[in-house]
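No value in this document is a laboratory result; all are computed from the given coordinates. All of these numbers come straight from a predicted model, not from anything done at the bench. A quick note on method: Cβ atoms are made from the backbone with ideal geometry, for glycine too, and the neighbour counts reach across all protein chains shown.
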Amino acid sequence: MPVISLKNVTHTYGEGTPLSVSAIENINLDIESGELVGIIGHTGSGKSTLIQHLNGLLKPTSGTVEVDGENIWADKKKIRSVRFKVGLCFQYPEYQLFEETVYKDIAFGPKNMGLNEKQIDESVRRAAKYVGLKPELLTKSPFDLSGGEKRRAAIAGVMAMNPKILILDEPTAGLDPKGRQEILNMIKSYKEQTGSTVLLVSHSMEDIAGIASKILVMNKSRVAMYDTVENVFSRASELEKMGLNVPQITRIFIGLKEKGINLDTDVYTVAEGGKRLLSLLKGGMA
Ligand SMILES: Nc1ncnc2c1ncn2[C@@H]1O[C@H](COP(=O)(O)OP(=O)(O)O)[C@@H](O)[C@H]1O
Ligand SMILES: [Mg+2]
């Protein structure tokens with residue numbers, strides 16, 4: 001059974017007004033437990049609207065959202081528990097840090113869940129560890145942290161609720177390449193350690209190629225593709241028509257092949273590209 005299942009989900013902002021916008025249209029989607037799904041698409045394609053449906057922050061204009069086989073809107077009183085099960089980390093989450101200390105900020109969610117002091121403490125420390133925040137930072141004001149540390153503290157606040165499904169909206173936005181890589185590594189190891197399902201919205205093909213097990217491509221309010229990384233990136237020309245690109249390294253390999261060099265183009269990360277080129281060179285010299 002899929003952990004998330006959307007059936008004919010449409011969301012229209014400002015329905016019935018002259019300004020109404022159909023942000024997502026007729027979405028049908030099943031996400032299996034344990035996947036790490038990278039969500040890509042042009043600005044305005046509906047990515048943020050889509051993910052806000054998964055924890056009941058937005059309600060479909062029509063259609064149903066199921067988590068663990070249950071329609072999340074079947075009983076309004078249960079929506080709170082859905083928000084704990086499906087942890088959503090917004091874009092630029094550091095703007096939502098507001099407590100006196102980092103500790104209190106990370107503890108906010110677990111406290112809301114009604115955990116006791118000891119459980120809250122365990123959750124905070126475990127989450128800080130997941131994101132690589134040193135224990136001594138926990139007593140600091142969030143405003144004394146660096147940009148990257150603030151981002152990690154905010155993500156830890158969602159991880160601290162121990163969600164079965166973790167969703168992050170552009171978690172690497174605005175970070176330098178090193179900061180981006182740190183966040184991506186951390187998300188990957190969180191997933192491996194907890195076995196949770198992770199959905200990650202990103203602008204960067206490179207980011208997604210390195211960690212995702214599946215890619216969801218949004219285009220003009222609809223799901224254009226939902227498939228393995230290989231299958232999605234093999235449709236380079238279709239992606240291009242949507243204003244999207246396969247990773248740079250993949251483009252280089254496609255370019256080399258077009259120039260007549262005999263190689264496979266299923267290369268999505270620079271590390272893998274390097275390996276392939278090296279073995280090609282060695283092969284050539286032998
Ligand atoms: N709160 C809102 N009110 C009205 N329109 C919105 C709102 N949020 C997003 N939209 C519109 O819905 C569409 C999809 O937006 P969004 O889900 O934010 O896409 P993405 O995250 O892919 O950039 C866009 O046309 C956007 O302008
Ligand atoms: Mg968005």
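So the values come out like this:
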| quantity | calculated |
| --- | --- |
| Helix axis angle, 248-258 relative to the chain longest principal axis, alpha carbon, degrees | 20 |
| Sorted by Cβ neighbour density within 10 Å, fewest at the top, the residues F84, F253 | F84, F253 |
| Distant-in-sequence amide H partners of T61 (H built 1.01 Å from N, under 5 Å) | T10, H11, T12 |
| For the chain, built as a Gaussian network whose Cα springs stay under 10 Å, the top-fluctuating residue of D75, D207, D169 | D75 |
| Fluctuation leader among E66, E94, E117 - the chain, Gaussian network, Cα springs under 10 angstrom | E117 |
| Highest to lowest packing among 173-185, 145-157, scored as the average C-beta count within 10 Å | 145-157, 173-185 |
| Charge dipole (the chain, unit charges on Cβ, about Cα centre) - positive-most of H11, G283, G243 | G283 |
| Residues of the stretch 178-205 with amide N under 14 Å of a point placed 7 Å along Cα→Cβ from Q91 | 201-204 |
| Pairwise centroid distance, computed over Cα atoms, of the stretch 1-69 with the stretch 233-286, Å | 33 |
| Sequence ranges 219-225, 256-262, ranked by mean other-Cβ count within 10 angstrom, highest first | 219-225, 256-262 |
| Restraint check, K150/K241; K85/K134; K77/K188; K118/K178; K7/K178, Cα-Cα greater than 30 Å | K150/K241; K77/K188; K118/K178; K7/K178 |
| Cut-off under 5 Å, modelled amide H: who pairs with N219 long-range | A224 |
| Top of I249, I106, I208 by mean-square fluctuation, Gaussian network on the chain, Cα under 10 Å | I249 |
| Cross-link pairs K76/K214; K259/K282; K129/K275 - those with Cα-Cα distance over 25 Å | K76/K214; K129/K275 |
